[in-house]
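Engineer: So that we are looking at the same thing, I have put the structure below in C-alpha cells.
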Amino acid sequence: MDSEEAPGVVEMFFFPFVGGGHQIPMIDTARVFASHGAKSTIIATPTSAPLFQKTISRDQQIGRQISIHALRLPQDAVSPDADMSATPFTDTSVLQEPLRLFLLDRRPDCIVVDWFHRWAAELIDGLRIKRIFFTGGGIFSRCVMDNVRRHTPHEKVGSDYEPFLVPGLPDRIELTRSQLPPFAGENSGRVNNMRKGEETSFGSLINSFYELEPAYVAYFRKEMGKKSWIIGPVSLCNRNVADKAERGKQASIDEQSCLRWLDDKEPDSVLYISFGSLARFSPQQLLEIAHGLEASNHPFIWVVGKIFNKSEGTREEEENWLPDGFEERIKESKKGLIIRGWAPQLLILEHAAVGAFMTHCGWNSTLEGVSSGVPMITWPISAEQFFNEKLVTDVLGIGVRVGSVEWMSFNVEKKALVGREKVEVAVKRLMGGDGDGAAEAVEMRRRAREFAEKAKRAVEEGGSSSEDADALIEELKSCRNEA
Ligand code: UDP
C-alpha cells in the first residue's frame with residue numbers, strides 16, 4: 001500500500017546511516033512515528049535489516065504500520081555496514097541507485113535522512129520528495145558549534161589550553177581549543193555542503209526534549225532560524241525487555257544473568273561504564289581505568305569494546321591488559337562485571353541498582369543516561385562529545401568530569417592518558433563522597449531524577465515531544481491536501 005492508497009495515513013520513510021550511534025536512534029524514531037499513527041518504512045541494507053527485524057515484527061504484532069525495506073544492491077556490491085562500529089567516514093554511495101529506484105516506485109510524504117549520507121540530499125530533492133534532516137545529535141551542541149563558527153573565539157586565545165567563552169549563548173560556556181573538533185571552525189566544501197543539506201530541507205528532526213534544553217531550543221529556532229521537531233528521547237519507545245536486550249545487536253551477555261547480577265546489588269550502588277559503539281582505548285588506558293575502579297571500591301559493570309593497538313591498528317580484545325588477578329578478584333567479591341563486546345545498555349541503565357554512568361558523552365548515551373535518571377561521569381573523546389559534556393556538567397548540573405581535555409578522533413591513539421587517580425576521584429565523588437561531596441552527589445542525583453521524569457512526560461500523550469511528533473504528521477497531511 002502506498003500513500004495514494006491510504007489518504008488518511010501519512011507515509012514516512014527513514015534512511016539511517018551505518019554505525020550504532022546513528023542507526024539505533026533512527027530505528028527508534030521510525031517506531032515513534034508508527035506509534036503516532038504514521039506508516040513508517042525503514043530503508044535498510046541487506047545486512048542491516050536482520051539486526052532490527054525482530055523488534056519491528058513485535059511492533060507489527062501490536063498493530064503498528066511499520067516495515068523494513070532492504071535495498072537491493074548491485075551484484076558484487078559490498079554492503080557498507082558490517083556492524084554497529086561502522087564509522088562516520090563509511091561511504092554509502094553504493095546505496096544511491098537502489099534508493100533512487102525505490103523512491104521512484106513509492107513516493108512517501110517525507111523521508112528522514114541521516115546527514116552522513118552525504119550524497120542523498122541532491123538525489124531526494126531532485127525527486128521532489130520532502131526531506132527531513134537528522135544528525136542524531138542534540139540542540140545545545142548545535143548552538144555551541146554554530147557560535148564557535150560564527151564568532152571564532154578559539155582563534156583569539158594564545159594556546160590550545162587557554163579557555164575561551166563561546167559568545168552569544170544563554171549560559172556562560174567556556175571551552176579550550178584542545179576540546180574542539182577539527183570541523184568546528186571549518187568552512188570547507190564538505191562542511192558547507194552538509195550545512196546546506198539542512199537549510200534546503202523541510203526541517204530537522206531532533207532526538208531531545210524541550211524541557212532538557214529549553215533556552216537552547218528557543219535559540220535554535222529563533223536565533224538560528226531552524227525549523228525543527230523535537231521528538232525524543234526516542235529510546236523510551238523501547239518498553240519491553242526483548243526490545244531493550246536486542247537494541248542495536250544481540251548483547252554479548254545473556255540479559256538474565258546481567259539482571260541477576262544487578263538484582264543482588266543495593267539501589268544506586270553500581271557504576272555503569274561504556275564508551276559507545278566506536279571509541280577505542282589503548283591497553284594502557286584500560287589498565288588505568290581498572291586500577292581506578294578497584295581503588296574506588298564501588299561495584300561496576302564495565303563494557304569493553306574494541307581496543308586500540310598502536311602496531312596493528314584496532315583489534316578485538318585479546319591480550320591481557322588487566323592488572324594481575326583483577327578479574328578473579330572482582331568475580332570473587334562480586335564487585336565487578338566486565339562485558340566484552342555489546343551490552344544491553346538500556347536494560348542496565350534503567351535498573352534500580354545502577355547509580356551512575358561513566359560515559360563518553362555520545363548523544364544517545366547522554367540522553368539515555370538522562371532518561372534513566374543517573375548522574376554521569378563525563379569522559380568525552382571525539383565528535384561533539386565535549387559540547388555534550390558541558391551540557392551535562394555546567395548547564396544541567398548532573399555530572400562530573402573525569403578530566404579528559406583533548407579531542408581525538410575515535411580511531412587515533414590519545415596523546416595523554418587519563419590517570420587512575422582521576423578515575424578514582426570522579427567515581428568516589430559521584431558514588432558517595434563525604435562531607436560537602438556527599439551533598440553534591442545527592443543533589444546531582446536529585447536533579448538527574450527530575451530530568452528523567454520530565455523525559456518520560458515529554459513522550460507521553462500531551463507531552464512536548466509527543467505533540468511535536470503529531471505536529472509533523474499534521475503538517476505532512478496538510479501538505480498532501482494542498483498538493
Ligand atoms: N550501545 C549499546 N551497547 C553497547 C554500546 C552502545 O546498546 O555496548 C548503544 C547505546 O545505548 C547508544 C548507542 O549504542 O544508543 C551509542 O550511541 P552514542 O551516541 O552514545 O555513541 P557512539 O557509539 O555514536 O559514539
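The values are calculated or read from the model by the stated rules, or taken from the named source; none is laboratory data. Treat the numbers as computed from the prediction; the structure is a model and nothing was measured. Every residue, glycine as well, gets a Cβ built from its backbone with ideal geometry; the counts of neighbours run over all protein chains shown.
Engineer: Out of A44, A77, A49, I need the residue that is away from the ligand (no atom under 16 Å from the Cβ) and more than 24 Å from the chain's Cα centre (by Cα). Which one? Walk me through how you get there before you give the answer.
Structural biologist: Numbers: A44 fails: more than 24 Å from the chain's Cα centre (by Cα); A49 fails: more than 24 Å from the chain's Cα centre (by Cα).
Only one candidate qualifies: A77.
Engineer: Still on this structure, please answer the following. Right, M84: touching a helix residue (DSSP H, G or I) at 6+ places or on another chain (Cβ under 6 Å) and within 18 Å of S235 (Cα to Cα) or not?
Structural biologist: Values: touching a helix residue (DSSP H, G or I) at 6+ places or on another chain (Cβ under 6 Å): yes; within 18 Å of S235 (Cα to Cα): yes.
Yes; evaluated as a whole, the condition is true for this residue.
Engineer: Now for a different question. Test L259 against the criterion of being under 26 Å from A448 (Cα atoms), in a loop (DSSP other than H, G, I, E, B) and in contact (Cβ under 8 Å) with a residue 40 or more places away in the chain, and give yes or no. Outline the logic, then answer.
Structural biologist: Numbers: under 26 Å from A448 (Cα atoms): yes; in a loop (DSSP other than H, G, I, E, B): no; in contact (Cβ under 8 Å) with a residue 40 or more places away in the chain: yes.
No; evaluated as a whole, the condition is false for this residue.
Engineer: Within the range 173-195, restricting attention to residues that are basic (K, R) and in contact (Cβ under 8 Å) with a residue 12 or more places away in the chain, which residue is surrounded by the fewest Cβ atoms within 10 Å (Cβ to Cβ)?
Structural biologist: Going through the range 173-195, the residues basic (K, R) turn out to be 177, 190, 195.
Filter again for in contact (Cβ under 8 Å) with a residue 12 or more places away in the chain, leaving 177, 190.
Details: R177: 19, R190: 11.
Applying the filter and picking the extreme gives R190.
Engineer: Search the range 359-375 for residues that are closer than 12 Å to L212 by Cα and pair each with any residue that is within 11 Å of the ligand (Cβ to nearest atom) and modelled with pLDDT of 95 or more when their beta-carbon atoms are under 6 Å apart and the residues are at least 6 apart or on different chains.
Structural biologist: Within 6 Å, the pairs are T366/N388; L367/P233; S371/P233.
Engineer: Return only the number of the condition from (1) away from the ligand (no atom under 15 Å from the Cβ); (2) surrounded by fewer than 24 Cβ atoms within 10 Å (Cβ to Cβ); (3) more than 17 Å from D470 (Cα to Cα) that S35 does not satisfy.
Structural biologist: Every condition holds for S35 apart from (3).
Engineer: Can you tell me which of E406, E384 is over 18 Å from the mean Cα position of the chain (by Cα) and touching a residue at least 12 places away in the same chain (Cβ under 8 Å)? Step through it out loud before you land on a result.
Structural biologist: Working: E384 fails: over 18 Å from the mean Cα position of the chain (by Cα).
Within the list E406, E384, the selection yields E406.
Engineer: Let me ask something additional. Would the range 159-171 turn up any residue that is within 22 Å of the chain's Cα centre (by Cα), buried (at least 21 other Cβ atoms within 10 Å of the Cβ) and part of a loop (DSSP other than H, G, I, E, B)?
Structural biologist: Pass one, the range 159-171, residues within 22 Å of the chain's Cα centre (by Cα): none.
Checked the range 159-171: no residue is within 22 Å of the chain's Cα centre (by Cα), buried (at least 21 other Cβ atoms within 10 Å of the Cβ) and part of a loop (DSSP other than H, G, I, E, B).
Engineer: Right, something else. Contact list please: Cβ distance under 9 Å, first residue in the range 52-64 and farther than 14 Å from T41 by Cα, second residue part of a helix (DSSP H, G or I), pairs at least six apart or on different chains.
Structural biologist: So the pair list comes out as K54/A242; K54/D243; R58/A242; R58/D243.
Engineer: Sticking with this one: Hey, does the range 261-282 have a residue that's modelled with pLDDT under 95, away from the ligand (no atom under 16 Å from the Cβ) and under 19 Å from L417 (Cβ atoms)?
Structural biologist: The answer is yes; a qualifying residue exists.
Engineer: Does the range 239-252 contain at least one residue that is surrounded by fewer than 22 Cβ atoms within 10 Å (Cβ to Cβ), within 16 Å of the ligand (Cβ to nearest atom), free of Cβ contacts under 8 Å to residues at least 60 places away in the same chain and not in a loop (DSSP other than H, G, I, E, B)?
Structural biologist: No - not one qualifying residue is present in the range 239-252.
Engineer: Hey, another quick one. Here are some residues: K226, K222. Which one is in a loop (DSSP other than H, G, I, E, B), more than 16 Å from the ligand (Cβ to nearest atom) and of a type in the set (K, R)?
Structural biologist: Numbers: K222 fails: in a loop (DSSP other than H, G, I, E, B).
Testing whether each residue is in a loop (DSSP other than H, G, I, E, B), more than 16 Å from the ligand (Cβ to nearest atom) and of a type in the set (K, R) leaves just K226.
Engineer: If I ask for residues that are within 14 Å of the chain's Cα centre (by Cα) and not small (G, A, S), which ones from the range 358-377 would you list?
Structural biologist: Hits for the range 358-377 are T359, H360, C361, W363, N364, T366, L367, E368, V370.
Engineer: If I ask for residues that are part of a helix (DSSP H, G or I), farther than 14 Å from S372 by Cβ and acidic (D, E), which ones from the range 442-483 would you list?
Structural biologist: Across the range 442-483, the qualifying residues are E443, E467, D468, D470, E474, E475, E482.
Engineer: Return the residues of the range 96-108 that are in contact (Cβ under 8 Å) with a residue 24 or more places away in the chain, among the hydrophobic types (A, V, I, L, M, F, W, C) and farther than 14 Å from A121 by Cβ; say none if nothing qualifies.
Structural biologist: Going through the range 96-108, the residues in contact (Cβ under 8 Å) with a residue 24 or more places away in the chain turn out to be 96, 98-100, 102-103, 106-108.
Now drop any that are not among the hydrophobic types (A, V, I, L, M, F, W, C), which leaves 99, 102-103.
The answer is F102, and nothing else.
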